[in-house]
Ligand code: GLU
(Lines give C-alpha, C1' and ligand atoms only; values in the text may rest on other atoms or scores of the structure.)
Protein backbone atom coordinates (compact mmCIF):
# COMPACT_ATOMS: atom_id res chain seq x y z
CA UNK A 1 0.00 0.00 0.00
CA UNK A 2 2.73 2.37 0.99
CA UNK A 3 4.70 1.62 -2.17
CA UNK A 4 1.73 2.33 -4.40
CA UNK A 5 1.10 5.60 -2.61
CA UNK A 6 4.66 6.65 -3.24
CA UNK A 7 4.39 5.75 -6.89
CA UNK A 8 0.96 7.25 -7.51
CA UNK A 9 0.63 10.10 -5.01
CA UNK A 10 -1.96 12.02 -7.00
CA UNK A 11 -4.06 9.23 -8.43
CA UNK A 12 -7.60 9.47 -7.14
CA UNK A 13 -9.23 6.90 -9.35
CA UNK A 14 -9.44 3.36 -8.04
CA UNK A 15 -9.94 0.18 -9.96
CA UNK A 16 -13.41 -0.12 -8.46
CA UNK A 17 -14.30 3.35 -9.72
CA UNK A 18 -13.21 2.33 -13.17
CA UNK A 19 -14.96 -1.03 -13.19
CA UNK A 20 -18.19 0.62 -12.10
CA UNK A 21 -18.05 2.77 -15.22
CA UNK A 22 -17.80 -0.18 -17.57
CA UNK A 23 -20.82 -2.43 -17.32
CA UNK A 24 -20.63 -5.74 -19.16
CA UNK A 25 -22.26 -5.50 -22.55
CA UNK A 26 -25.60 -7.12 -23.07
CA UNK A 27 -25.18 -9.08 -26.23
CA UNK A 28 -27.44 -11.50 -27.95
CA UNK A 29 -26.17 -15.05 -28.22
CA UNK A 30 -23.11 -15.25 -30.45
CA UNK A 31 -22.77 -11.51 -31.03
CA UNK A 32 -19.18 -10.43 -31.44
CA UNK A 33 -17.55 -7.19 -30.39
CA UNK A 34 -14.52 -6.16 -32.42
CA UNK A 35 -12.43 -3.08 -32.65
CA UNK A 36 -9.87 -1.43 -34.85
CA UNK A 37 -7.01 0.05 -32.87
CA UNK A 38 -4.93 2.06 -35.30
CA UNK A 39 -2.12 4.37 -34.35
CA UNK A 40 -2.86 7.82 -35.74
CA UNK A 41 0.21 8.00 -37.94
CA UNK A 42 -1.69 9.29 -40.94
CA UNK A 43 -0.76 6.28 -43.04
CA UNK A 44 -3.63 3.91 -43.51
CA UNK A 45 -2.84 0.92 -45.62
CA UNK A 46 -4.23 -2.15 -47.21
CA UNK A 47 -3.37 -4.22 -44.14
CA UNK A 48 -5.56 -1.94 -42.02
CA UNK A 49 -8.40 -2.31 -44.48
CA UNK A 50 -7.90 -6.05 -44.61
CA UNK A 51 -8.06 -6.33 -40.82
CA UNK A 52 -10.92 -3.85 -40.55
CA UNK A 53 -12.87 -5.90 -43.02
CA UNK A 54 -12.52 -8.96 -40.81
CA UNK A 55 -13.57 -6.95 -37.75
CA UNK A 56 -16.51 -5.45 -39.56
CA UNK A 57 -17.79 -8.75 -40.90
CA UNK A 58 -17.41 -10.57 -37.58
CA UNK A 59 -19.31 -7.86 -35.73
CA UNK A 60 -22.03 -7.03 -38.20
CA UNK A 61 -22.67 -10.56 -39.33
CA UNK A 62 -23.35 -11.58 -35.73
CA UNK A 63 -25.40 -8.56 -34.68
CA UNK A 64 -22.52 -7.27 -32.57
CA UNK A 65 -20.57 -4.05 -32.38
CA UNK A 66 -17.54 -2.73 -34.20
CA UNK A 67 -15.78 0.20 -32.64
CA UNK A 68 -12.80 2.45 -33.31
CA UNK A 69 -10.19 3.01 -30.66
CA UNK A 70 -7.32 5.38 -31.27
CA UNK A 71 -4.07 3.91 -29.99
CA UNK A 72 -1.99 7.03 -29.61
CA UNK A 73 0.26 6.08 -26.72
CA UNK A 74 3.24 6.47 -28.99
CA UNK A 75 2.88 10.25 -29.20
CA UNK A 76 5.92 10.73 -31.41
CA UNK A 77 3.95 9.34 -34.29
CA UNK A 78 0.76 11.38 -33.99
CA UNK A 79 -0.21 13.18 -37.17
CA UNK A 80 -2.81 15.93 -37.26
CA UNK A 81 -6.02 14.90 -39.02
CA UNK A 82 -5.08 11.22 -38.92
CA UNK A 83 -8.30 10.16 -37.22
CA UNK A 84 -10.37 11.78 -39.97
CA UNK A 85 -8.24 10.01 -42.54
CA UNK A 86 -8.84 6.65 -40.89
CA UNK A 87 -12.58 7.12 -40.63
CA UNK A 88 -13.04 8.58 -44.10
CA UNK A 89 -10.82 6.09 -45.88
CA UNK A 90 -12.55 3.12 -44.31
CA UNK A 91 -16.00 4.60 -44.85
CA UNK A 92 -15.21 4.94 -48.54
CA UNK A 93 -14.66 1.19 -48.66
CA UNK A 94 -17.95 0.54 -46.91
CA UNK A 95 -16.55 0.04 -43.43
CA UNK A 96 -18.42 1.92 -40.76
CA UNK A 97 -18.01 1.95 -37.02
CA UNK A 98 -20.91 1.68 -34.60
CA UNK A 99 -19.09 3.11 -31.68
CA UNK A 100 -15.90 4.79 -30.55
CA UNK A 101 -14.00 7.70 -32.04
CA UNK A 102 -16.16 9.43 -34.62
CA UNK A 103 -15.76 12.47 -36.86
CA UNK A 104 -17.78 14.59 -34.48
CA UNK A 105 -16.44 13.32 -31.16
CA UNK A 106 -17.23 9.98 -29.59
CA UNK A 107 -20.12 7.58 -29.47
CA UNK A 108 -20.70 4.92 -26.86
CA UNK A 109 -20.47 4.43 -23.11
CA UNK A 110 -17.16 2.58 -23.06
CA UNK A 111 -14.98 5.61 -23.71
CA UNK A 112 -12.88 7.58 -23.80
CA UNK A 113 -11.91 5.75 -26.97
CA UNK A 114 -8.60 7.53 -27.33
CA UNK A 115 -5.85 5.98 -25.26
CA UNK A 116 -4.11 9.25 -24.45
CA UNK A 117 -7.27 10.27 -22.56
CA UNK A 118 -7.24 7.14 -20.43
CA UNK A 119 -4.07 7.72 -18.43
CA UNK A 120 -5.65 7.39 -15.00
CA UNK A 121 -7.41 4.18 -15.94
CA UNK A 122 -4.14 2.46 -16.82
CA UNK A 123 -2.49 3.89 -13.75
CA UNK A 124 -5.25 2.59 -11.50
CA UNK A 125 -4.68 -0.94 -12.76
CA UNK A 126 -0.91 -0.60 -12.56
CA UNK A 127 -1.30 0.48 -8.94
CA UNK A 128 -3.47 -2.53 -8.25
CA UNK A 129 -0.85 -4.87 -9.69
CA UNK A 130 1.78 -3.20 -7.54
CA UNK A 131 -0.34 -3.63 -4.42
CA UNK A 132 -0.72 -7.30 -5.25
CA UNK A 133 3.00 -7.73 -5.83
CA UNK A 134 2.48 -8.41 -9.53
CA UNK A 135 4.32 -5.34 -10.77
CA UNK A 136 7.18 -3.16 -9.55
CA UNK A 137 9.02 0.05 -10.27
CA UNK A 138 12.26 -0.37 -12.17
CA UNK A 139 14.95 2.28 -12.20
CA UNK A 140 17.32 0.71 -14.69
CA UNK A 141 18.78 3.38 -16.96
CA UNK A 142 19.11 2.98 -20.70
CA UNK A 143 22.84 2.43 -20.28
CA UNK A 144 22.28 -0.31 -17.72
CA UNK A 145 19.77 -1.99 -19.95
CA UNK A 146 22.21 -1.83 -22.84
CA UNK A 147 24.89 -3.44 -20.64
CA UNK A 148 22.49 -6.23 -19.73
CA UNK A 149 21.74 -6.75 -23.38
CA UNK A 150 25.43 -6.89 -24.29
CA UNK A 151 26.11 -9.36 -21.53
CA UNK A 152 23.18 -11.53 -22.58
CA UNK A 153 24.36 -11.44 -26.14
CA UNK A 154 27.87 -12.51 -25.12
CA UNK A 155 26.36 -15.41 -23.14
CA UNK A 156 23.99 -16.26 -26.02
CA UNK A 157 20.97 -15.78 -23.80
CA UNK A 158 17.58 -14.38 -24.71
CA UNK A 159 17.54 -10.61 -24.35
CA UNK A 160 15.26 -8.84 -21.90
CA UNK A 161 14.62 -8.14 -18.25
CA UNK A 162 13.89 -11.46 -16.54
CA UNK A 163 15.24 -13.69 -13.80
CA UNK A 164 18.49 -12.41 -12.39
CA UNK A 165 18.55 -9.58 -14.94
CA UNK A 166 15.47 -8.08 -13.35
CA UNK A 167 17.64 -6.28 -10.84
CA UNK A 168 14.99 -4.07 -9.29
CA UNK A 169 12.37 -6.72 -8.73
CA UNK A 170 12.91 -6.96 -5.04
CA UNK A 171 14.01 -3.48 -4.00
CA UNK A 172 12.98 -2.64 -0.47
CA UNK A 173 10.58 0.19 0.21
CA UNK A 174 13.49 2.26 1.51
CA UNK A 175 15.52 1.68 -1.63
CA UNK A 176 12.59 2.75 -3.80
CA UNK A 177 12.01 5.84 -1.70
CA UNK A 178 15.65 6.82 -1.86
CA UNK A 179 15.77 6.49 -5.63
CA UNK A 180 12.59 8.49 -6.06
CA UNK A 181 13.86 11.16 -3.71
CA UNK A 182 17.03 11.30 -5.78
CA UNK A 183 14.82 12.08 -8.76
CA UNK A 184 15.55 8.87 -10.65
CA UNK A 185 13.05 8.17 -13.41
CA UNK A 186 11.43 4.74 -13.40
CA UNK A 187 9.05 2.53 -15.32
CA UNK A 188 6.56 0.02 -13.98
CA UNK A 189 7.29 -3.55 -14.97
CA UNK A 190 5.20 -6.67 -14.81
CA UNK A 191 6.61 -9.16 -12.30
CA UNK A 192 6.38 -12.22 -14.50
CA UNK A 193 5.93 -15.63 -12.93
CA UNK A 194 7.32 -17.36 -15.96
CA UNK A 195 10.54 -19.26 -15.98
CA UNK A 196 12.16 -20.41 -19.17
CA UNK A 197 15.38 -21.46 -17.51
CA UNK A 198 13.97 -24.90 -16.77
CA UNK A 199 14.61 -28.05 -18.76
CA UNK A 200 12.47 -27.89 -21.91
CA UNK A 201 9.89 -30.41 -20.76
CA UNK A 202 9.30 -28.54 -17.54
CA UNK A 203 8.63 -25.15 -19.11
CA UNK A 204 5.00 -24.21 -18.67
CA UNK A 205 3.24 -23.69 -21.97
CA UNK A 206 0.22 -21.57 -22.63
CA UNK A 207 -2.48 -22.92 -24.86
CA UNK A 208 -4.66 -20.52 -26.75
CA UNK A 209 -7.35 -21.07 -29.36
CA UNK A 210 -6.61 -18.57 -32.10
CA UNK A 211 -9.62 -17.68 -34.25
CA UNK A 212 -7.63 -18.14 -37.43
CA UNK A 213 -4.81 -20.50 -36.50
CA UNK A 214 -6.61 -22.86 -34.18
CA UNK A 215 -4.83 -24.22 -31.12
CA UNK A 216 -1.57 -22.49 -30.31
CA UNK A 217 0.85 -23.77 -27.75
CA UNK A 218 3.72 -21.50 -26.75
CA UNK A 219 6.17 -21.26 -23.86
CA UNK A 220 4.78 -18.95 -21.23
CA UNK A 221 6.06 -15.40 -20.86
CA UNK A 222 9.01 -14.81 -18.60
CA UNK A 223 9.75 -11.16 -19.36
CA UNK A 224 9.22 -8.36 -16.89
CA UNK A 225 7.88 -6.16 -19.65
CA UNK A 226 7.27 -2.47 -19.13
CA UNK A 227 3.60 -1.76 -18.57
CA UNK A 228 3.86 1.95 -17.75
CA UNK A 229 6.62 4.07 -19.22
CA UNK A 230 8.42 6.68 -17.12
CA UNK A 231 5.94 9.25 -18.44
CA UNK A 232 3.06 7.27 -16.94
CA UNK A 233 1.91 6.32 -20.42
CA UNK A 234 1.14 2.61 -20.92
CA UNK A 235 2.76 0.34 -23.46
CA UNK A 236 0.65 -1.35 -26.11
CA UNK A 237 0.77 -4.59 -24.12
CA UNK A 238 -0.86 -3.09 -21.08
CA UNK A 239 -3.17 -0.60 -22.76
CA UNK A 240 -4.86 -3.03 -25.10
CA UNK A 241 -5.38 -5.63 -22.37
CA UNK A 242 -7.13 -3.10 -20.13
CA UNK A 243 -9.12 -1.55 -22.96
CA UNK A 244 -10.22 -4.77 -24.57
CA UNK A 245 -11.42 -6.03 -21.22
CA UNK A 246 -13.23 -2.85 -20.17
CA UNK A 247 -14.70 -2.23 -23.60
CA UNK A 248 -16.01 -5.76 -23.87
CA UNK A 249 -14.08 -6.84 -26.95
CA UNK A 250 -14.78 -10.47 -27.76
CA UNK A 251 -12.43 -10.85 -30.76
CA UNK A 252 -9.10 -9.12 -31.32
CA UNK A 253 -8.11 -9.21 -34.97
CA UNK A 254 -4.51 -8.15 -35.46
CA UNK A 255 -1.45 -8.88 -37.55
CA UNK A 256 0.75 -11.89 -36.97
CA UNK A 257 3.57 -9.59 -35.84
CA UNK A 258 1.85 -9.73 -32.44
CA UNK A 259 1.98 -13.50 -32.14
CA UNK A 260 5.36 -13.52 -30.44
CA UNK A 261 4.15 -11.27 -27.64
CA UNK A 262 0.88 -13.14 -27.13
CA UNK A 263 2.23 -14.93 -24.00
CA UNK A 264 2.81 -11.50 -22.43
CA UNK A 265 -0.78 -10.53 -23.10
CA UNK A 266 -2.09 -13.82 -21.76
CA UNK A 267 -0.08 -13.35 -18.56
CA UNK A 268 -1.43 -9.82 -18.18
CA UNK A 269 -4.99 -11.08 -18.50
CA UNK A 270 -4.24 -13.76 -15.92
CA UNK A 271 -2.66 -11.31 -13.50
CA UNK A 272 -5.63 -8.98 -13.81
CA UNK A 273 -8.01 -11.87 -13.25
CA UNK A 274 -9.79 -11.52 -16.57
CA UNK A 275 -10.63 -13.80 -19.42
CA UNK A 276 -8.75 -12.99 -22.62
CA UNK A 277 -10.72 -12.28 -25.79
CA UNK A 278 -10.35 -14.58 -28.78
CA UNK A 279 -7.26 -13.48 -30.65
CA UNK A 280 -7.32 -13.77 -34.41
CA UNK A 281 -3.86 -13.30 -35.89
CA UNK A 282 -4.04 -12.54 -39.59
CA UNK A 283 -1.30 -13.51 -42.05
CA UNK A 284 0.85 -10.91 -43.77
CA UNK A 285 -0.10 -9.46 -47.11
CA UNK A 286 2.38 -10.73 -49.68
CA UNK A 287 3.06 -10.04 -53.32
CA UNK A 288 5.04 -11.65 -56.10
CA UNK A 289 7.56 -8.99 -57.00
CA UNK A 290 9.14 -8.14 -60.35
CA UNK A 291 11.79 -10.81 -59.87
CA UNK A 292 9.14 -13.42 -59.19
CA UNK A 293 9.84 -13.64 -55.46
CA UNK A 294 7.11 -13.79 -52.88
CA UNK A 295 7.61 -11.12 -50.26
CA UNK A 296 5.77 -8.92 -47.77
CA UNK A 297 4.17 -5.79 -49.18
CA UNK A 298 6.42 -2.94 -48.20
CA UNK A 299 5.52 0.65 -47.49
CA UNK A 300 8.70 1.84 -49.14
CA UNK A 301 8.61 -0.27 -52.28
CA UNK A 302 4.94 -0.83 -53.02
CA UNK A 303 2.65 2.12 -53.66
CA UNK A 304 -0.29 -0.31 -53.75
CA UNK A 305 0.04 -0.80 -50.01
CA UNK A 306 -1.43 2.65 -49.45
CA UNK A 307 -5.19 3.02 -49.63
CA UNK A 308 -4.68 6.36 -51.36
CA UNK A 309 -3.39 4.43 -54.33
CA UNK A 310 -6.84 2.93 -54.93
CA UNK A 311 -8.67 6.15 -54.28
CA UNK A 312 -6.50 8.21 -56.61
CA UNK A 313 -6.82 5.74 -59.43
CA UNK A 314 -10.52 5.51 -58.72
CA UNK A 315 -11.13 1.88 -57.88
CA UNK A 316 -14.75 1.30 -57.05
CA UNK A 317 -15.13 0.39 -53.37
CA UNK A 318 -17.33 -2.58 -54.25
CA UNK A 319 -14.57 -3.98 -56.43
CA UNK A 320 -12.05 -3.66 -53.64
CA UNK A 321 -14.46 -5.31 -51.17
CA UNK A 322 -15.18 -8.12 -53.57
CA UNK A 323 -11.49 -8.72 -54.14
CA UNK A 324 -10.67 -8.58 -50.46
CA UNK A 325 -13.21 -11.27 -49.75
CA UNK A 326 -11.71 -13.51 -52.38
CA UNK A 327 -8.37 -13.35 -50.58
CA UNK A 328 -9.90 -13.41 -47.10
CA UNK A 329 -11.95 -16.55 -47.34
CA UNK A 330 -10.88 -19.52 -49.42
CA UNK A 331 -14.47 -20.52 -50.19
CA UNK A 332 -15.62 -17.09 -51.33
CA UNK A 333 -15.02 -17.44 -55.06
CA UNK A 334 -16.95 -20.67 -55.15
CA UNK A 335 -19.82 -19.00 -53.32
CA UNK A 336 -19.76 -16.11 -55.78
CA UNK A 337 -20.00 -18.46 -58.75
CA UNK A 338 -23.03 -20.08 -57.17
CA UNK A 339 -24.56 -16.75 -56.17
CA UNK A 340 -23.55 -14.32 -58.90
CA UNK A 341 -26.06 -11.65 -57.98
CA UNK A 342 -26.23 -11.99 -54.22
CA UNK A 343 -25.33 -9.13 -51.93
CA UNK A 344 -21.77 -9.58 -50.73
CA UNK A 345 -22.96 -9.39 -47.13
CA UNK A 346 -24.95 -12.59 -47.56
CA UNK A 347 -21.72 -14.55 -47.69
CA UNK A 348 -20.97 -16.09 -44.34
CA UNK A 349 -17.49 -15.00 -43.47
CA UNK A 350 -15.49 -17.12 -41.04
CA UNK A 351 -12.05 -16.72 -39.54
CA UNK A 352 -11.49 -20.48 -39.89
CA UNK A 353 -11.43 -20.10 -43.67
CA UNK A 354 -8.67 -17.50 -43.51
CA UNK A 355 -5.12 -18.26 -44.48
CA UNK A 356 -2.59 -18.21 -41.68
CA UNK A 357 0.50 -18.31 -43.80
CA UNK A 358 0.37 -14.99 -45.59
CA UNK A 359 -2.11 -13.80 -48.14
CA UNK A 360 -1.12 -13.16 -51.71
CA UNK A 361 -2.25 -9.80 -52.95
CA UNK A 362 -2.39 -9.61 -56.73
CA UNK A 363 -3.21 -6.34 -58.47
CA UNK A 364 -3.94 -8.10 -61.75
CA UNK A 365 -6.53 -10.25 -60.00
CA UNK A 366 -8.04 -7.17 -58.40
CA UNK A 367 -8.38 -5.67 -61.86
CA UNK A 368 -10.10 -8.77 -63.19
CA UNK A 369 -12.49 -8.79 -60.26
CA UNK A 370 -13.11 -5.11 -60.78
CA UNK A 371 -14.12 -5.65 -64.40
CA UNK A 372 -16.80 -8.11 -63.33
CA UNK A 373 -18.01 -5.96 -60.48
CA UNK A 374 -18.31 -2.82 -62.61
CA UNK A 375 -20.33 -4.74 -65.16
CA UNK A 376 -22.97 -5.36 -62.52
CA UNK A 377 -23.23 -1.74 -61.44
CA UNK A 378 -25.80 0.08 -63.53
CA UNK A 379 -24.63 2.92 -65.69
CA UNK A 380 -26.39 5.67 -63.74
CA UNK A 381 -24.63 4.60 -60.55
CA UNK A 382 -21.35 4.36 -62.38
CA UNK A 383 -21.82 7.96 -63.56
CA UNK A 384 -22.34 9.16 -60.01
CA UNK A 385 -19.29 7.24 -58.84
CA UNK A 386 -17.14 8.67 -61.62
CA UNK A 387 -18.36 12.16 -60.86
CA UNK A 388 -17.54 11.82 -57.16
CA UNK A 389 -14.08 10.57 -58.01
CA UNK A 390 -13.45 13.36 -60.48
CA UNK A 391 -14.61 16.07 -58.08
CA UNK A 392 -12.09 14.84 -55.56
CA UNK A 393 -9.15 13.89 -57.71
CA UNK A 394 -9.60 15.32 -61.23
CA UNK A 395 -11.77 18.43 -61.10
CA UNK A 396 -10.43 19.47 -64.52
CA UNK A 397 -12.59 16.72 -66.03
CA UNK A 398 -15.82 18.48 -65.10
CA UNK A 399 -16.87 18.71 -68.79
CA UNK A 400 -17.55 14.98 -68.74
CA UNK A 401 -20.38 15.51 -66.31
CA UNK A 402 -22.21 18.36 -68.02
CA UNK A 403 -24.67 15.99 -69.65
CA UNK A 404 -25.21 13.02 -67.37
CA UNK A 405 -27.62 11.29 -69.78
CA UNK A 406 -24.97 11.37 -72.46
CA UNK A 407 -22.38 10.00 -70.05
CA UNK A 408 -24.73 7.24 -69.01
CA UNK A 409 -25.12 6.09 -72.60
CA UNK A 410 -21.39 6.32 -73.14
CA UNK A 411 -20.67 4.12 -70.14
CA UNK A 412 -23.35 1.64 -71.01
CA UNK A 413 -22.13 0.92 -74.49
CA UNK A 414 -21.56 -2.76 -75.15
CA UNK A 415 -22.35 -3.80 -71.62
CA UNK A 416 -25.55 -5.65 -72.38
CA UNK A 417 -24.25 -7.78 -75.22
CA UNK A 418 -23.99 -11.54 -74.99
CA UNK A 419 -20.30 -11.15 -74.59
CA UNK A 420 -20.31 -7.88 -72.69
CA UNK A 421 -17.32 -5.64 -72.91
CA UNK A 422 -15.21 -5.61 -69.83
CA UNK A 423 -12.70 -2.90 -70.35
CA UNK A 424 -13.67 -0.65 -67.45
CA UNK A 425 -11.43 -1.24 -64.43
CA UNK A 426 -11.14 1.98 -62.44
CA UNK A 427 -12.13 5.60 -62.83
CA UNK A 428 -8.94 7.13 -64.19
CA UNK A 429 -8.73 4.36 -66.76
CA UNK A 430 -12.45 4.66 -67.62
CA UNK A 431 -12.14 8.34 -68.47
CA UNK A 432 -9.31 7.37 -70.83
CA UNK A 433 -11.50 4.69 -72.37
CA UNK A 434 -14.25 7.16 -73.14
CA UNK A 435 -12.21 10.30 -73.83
CA UNK A 436 -13.16 10.44 -77.54
CA UNK A 437 -16.80 11.01 -76.69
CA UNK A 438 -15.95 14.52 -75.57
CA UNK A 439 -14.66 17.22 -77.86
CA UNK A 440 -12.47 18.50 -75.03
CA UNK A 441 -10.49 15.29 -74.89
CA UNK A 442 -10.98 13.88 -78.40
CA UNK A 443 -7.70 13.43 -80.25
CA UNK A 444 -6.32 11.29 -83.04
CA UNK A 445 -4.29 8.59 -81.33
CA UNK A 446 -3.83 6.09 -84.17
CA UNK A 447 -2.69 6.51 -87.77
CA UNK A 448 -4.91 5.91 -90.79
CA UNK A 449 -4.26 2.49 -92.34
CA UNK A 450 -1.60 2.62 -95.06
CA UNK A 451 -3.86 0.66 -97.46
CA UNK A 452 -6.45 3.45 -97.52
CA UNK A 453 -4.40 6.50 -96.73
CA UNK A 454 -4.43 7.86 -100.29
CA UNK A 455 -8.21 7.54 -100.42
CA UNK A 456 -8.86 8.96 -96.98
CA UNK A 457 -10.60 12.15 -98.08
CA UNK A 458 -12.53 10.44 -100.87
CA UNK A 459 -13.78 7.79 -98.46
CA UNK A 460 -14.89 10.40 -95.95
CA UNK A 461 -16.52 12.57 -98.63
CA UNK A 462 -18.50 9.64 -99.95
CA UNK A 463 -19.40 8.68 -96.42
CA UNK A 464 -20.76 12.15 -95.79
CA UNK A 465 -22.72 12.27 -99.06
CA UNK A 466 -24.71 9.17 -98.22
CA UNK A 467 -24.80 9.57 -94.45
CA UNK A 468 -28.22 9.26 -92.92
CA UNK A 469 -28.31 9.30 -89.13
CA UNK A 470 -31.53 7.31 -89.12
CA UNK A 471 -30.05 4.33 -91.00
CA UNK A 472 -30.22 0.97 -89.33
CA UNK A 473 -26.97 -0.81 -88.64
CA UNK A 474 -27.42 -2.98 -91.76
CA UNK A 475 -28.24 -0.03 -94.00
CA UNK A 476 -25.27 1.85 -92.64
CA UNK A 477 -22.87 -1.01 -93.22
CA UNK A 478 -24.32 -1.60 -96.68
CA UNK A 479 -23.24 1.92 -97.60
CA UNK A 480 -19.70 1.33 -96.38
CA UNK A 481 -19.50 -1.78 -98.51
CA UNK A 482 -20.68 0.26 -101.50
CA UNK A 483 -17.96 2.82 -100.90
CA UNK A 484 -15.34 0.10 -100.54
CA UNK A 485 -16.48 -1.64 -103.69
CA UNK A 486 -16.62 1.54 -105.78
CA UNK A 487 -13.07 2.49 -104.79
CA UNK A 488 -11.51 -0.91 -105.47
CA UNK A 489 -11.41 -2.53 -102.01
CA UNK A 490 -12.24 -6.19 -101.50
CA UNK A 491 -15.51 -6.85 -99.68
CA UNK A 492 -14.02 -9.84 -97.93
CA UNK A 493 -10.64 -9.64 -96.24
CA UNK A 494 -9.72 -13.11 -97.42
CA UNK A 495 -10.15 -12.10 -101.08
CA UNK A 496 -7.66 -9.32 -100.52
CA UNK A 497 -5.28 -11.71 -98.80
CA UNK A 498 -5.47 -14.17 -101.67
CA UNK A 499 -5.06 -11.61 -104.44
CA UNK A 500 -3.44 -8.56 -102.92
CA UNK A 501 -2.61 -7.11 -106.33
CA UNK A 502 -6.25 -6.96 -107.38
CA UNK A 503 -7.31 -4.62 -104.56
CA UNK A 504 -6.12 -1.54 -102.68
CA UNK A 505 -7.19 -3.14 -99.44
CA UNK A 506 -10.43 -4.51 -98.02
CA UNK A 507 -13.61 -3.18 -96.50
CA UNK A 508 -12.04 -3.28 -93.02
CA UNK A 509 -9.55 -0.65 -94.08
CA UNK A 510 -12.35 1.58 -95.29
CA UNK A 511 -14.23 1.27 -91.99
CA UNK A 512 -11.02 1.91 -90.15
CA UNK A 513 -10.67 5.26 -91.89
CA UNK A 514 -14.15 6.17 -90.67
CA UNK A 515 -13.43 4.86 -87.20
CA UNK A 516 -10.25 6.90 -86.88
CA UNK A 517 -11.92 10.05 -88.21
CA UNK A 518 -14.69 9.64 -85.63
CA UNK A 519 -12.89 8.23 -82.62
CA UNK A 520 -9.22 8.79 -83.26
CA UNK A 521 -8.53 5.12 -82.48
CA UNK A 522 -8.41 1.78 -84.25
CA UNK A 523 -10.00 -0.06 -81.37
CA UNK A 524 -13.43 0.91 -80.17
CA UNK A 525 -16.87 -0.55 -79.68
CA UNK A 526 -19.26 -0.68 -82.61
CA UNK A 527 -19.04 2.45 -84.79
CA UNK A 528 -22.72 2.61 -85.64
CA UNK A 529 -23.64 2.45 -81.94
CA UNK A 530 -21.11 5.13 -81.10
CA UNK A 531 -22.52 7.42 -83.79
CA UNK A 532 -25.96 7.04 -82.29
CA UNK A 533 -24.57 8.33 -79.02
CA UNK A 534 -22.33 11.03 -80.48
CA UNK A 535 -25.37 12.36 -82.35
CA UNK A 536 -25.70 13.53 -85.94
CA UNK A 537 -24.06 16.89 -85.53
CA UNK A 538 -20.93 15.69 -83.76
CA UNK A 539 -20.58 12.76 -86.16
CA UNK A 540 -20.77 14.95 -89.24
CA UNK A 541 -18.55 17.58 -87.67
CA UNK A 542 -15.77 15.08 -86.98
CA UNK A 543 -15.89 13.61 -90.50
CA UNK A 544 -15.79 17.07 -92.05
CA UNK A 545 -12.85 18.08 -89.94
CA UNK A 546 -10.81 15.19 -91.35
CA UNK A 547 -11.55 15.79 -95.03
N1 GLU B 1 -2.14 -0.12 -32.31
C2 GLU B 1 -1.81 -1.44 -32.77
C3 GLU B 1 -1.20 -1.33 -34.15
O4 GLU B 1 -1.33 -0.31 -34.79
C5 GLU B 1 -3.08 -2.25 -32.85
C6 GLU B 1 -2.87 -3.69 -32.72
C7 GLU B 1 -4.19 -4.33 -32.25
O8 GLU B 1 -5.15 -4.25 -33.03
O9 GLU B 1 -4.26 -4.81 -31.15
O10 GLU B 1 -0.56 -2.23 -34.59
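Of the residues in segment 408-425, at least one is in contact (Cβ under 8 Å) with a residue 24 or more places away in the chain, under 18 Å from the mean Cα position of the chain (by Cα) and not in a helix (DSSP H, G or I). Of the strands (runs of 3 or more DSSP E) lying entirely inside segment 249-305, the ones with 2 or more residues being within 14 Å of the ligand (Cβ to nearest atom) and surrounded by 19 or more Cβ atoms within 10 Å (Cβ to Cβ) are found at 251-255, 278-282. Which residue pairs have Cβ atoms under 8 Å apart, sit 6 or more places apart or on different chains, and have a first residue in segment 247-258 that is within 26 Å of residue 21 (Cβ to Cβ) and a second that is in a loop (DSSP other than H, G, I, E, B) and near the ligand (Cβ under 7 Å from one of its atoms)? Short answer, once both residue conditions are applied: 254/37. Selection of segment 63-81 for residues being away from the ligand (no atom under 13 Å from the Cβ) and in contact with a strand residue (DSSP E or B) (Cβ under 9 Å, 6 or more places away or on another chain) yields 64, 65.
Just to check your reading of the model, which residue among 189, 204 is under 39 Å from the mean Cα position of the chain (by Cα), surrounded by 13 or more Cβ atoms within 10 Å (Cβ to Cβ) and without any contact (Cβ under 8 Å) to a residue 40 or more places away in the chain? Going through 189, 204 in turn, just one is under 39 Å from the mean Cα position of the chain (by Cα), surrounded by 13 or more Cβ atoms within 10 Å (Cβ to Cβ) and without any contact (Cβ under 8 Å) to a residue 40 or more places away in the chain: 204. For residue 142, the criteria (1) in contact (Cβ under 8 Å) with a residue 12 or more places away in the chain; (2) within 30 Å of residue 223 (Cβ to Cβ) hold in every case but one, which is (1). Give the residue, chosen from 105, 47, 42, that is surrounded by fewer than 16 Cβ atoms within 10 Å (Cβ to Cβ), within 14 Å of the ligand (Cβ to nearest atom) and modelled with pLDDT under 95. Sole residue among the options that is surrounded by fewer than 16 Cβ atoms within 10 Å (Cβ to Cβ), within 14 Å of the ligand (Cβ to nearest atom) and modelled with pLDDT under 95: 42.
Check whether at least one residue in segment 26-34 is in contact with a helix residue (DSSP H, G or I) (Cβ under 9 Å, 6 or more places away or on another chain), surrounded by 15 or more Cβ atoms within 10 Å (Cβ to Cβ) and over 28 Å from residue 226 (Cα atoms), and report yes or no. Yes: one or more hits.
Scanning segment 465-479 for residues that are within 52 Å of the chain's Cα centre (by Cα), under 19 Å from residue 545 (Cα atoms) and in contact (Cβ under 8 Å) with a residue 12 or more places away in the chain returns 467, 469.
The residue of segment 1-14 that is farthest from the ligand (Cβ to nearest atom), among those that are surrounded by 16 or more Cβ atoms within 10 Å (Cβ to Cβ) and part of a helix (DSSP H, G or I), is 3.
Go through segment 158-169 and report how many residues are assigned to a loop (DSSP other than H, G, I, E, B), buried (at least 16 other Cβ atoms within 10 Å of the Cβ) and at negative phi.
Going through segment 158-169 one residue at a time, the tally reaches 5.
Determine, yes or no, whether residue 334 is part of a helix (DSSP H, G or I) and loosely packed, with under 12 Cβ neighbours inside 10 Å. Against the criterion (part of a helix (DSSP H, G or I) and loosely packed, with under 12 Cβ neighbours inside 10 Å), residue 334 qualifies. Go through segment 207-232 and give me each residue that's surrounded by fewer than 19 Cβ atoms within 10 Å (Cβ to Cβ) and part of a loop (DSSP other than H, G, I, E, B). 220, 229, 230, 231, 232, listed by residue number.
The values are calculated or read from the model by the stated rules, or taken from the named source; none is laboratory data. On a predicted model such as this, the values are computed, not experimentally measured, just so you know. Quick reminder, even Gly has a Cβ in these numbers, built from the backbone with ideal geometry, and neighbours come from all protein chains shown.
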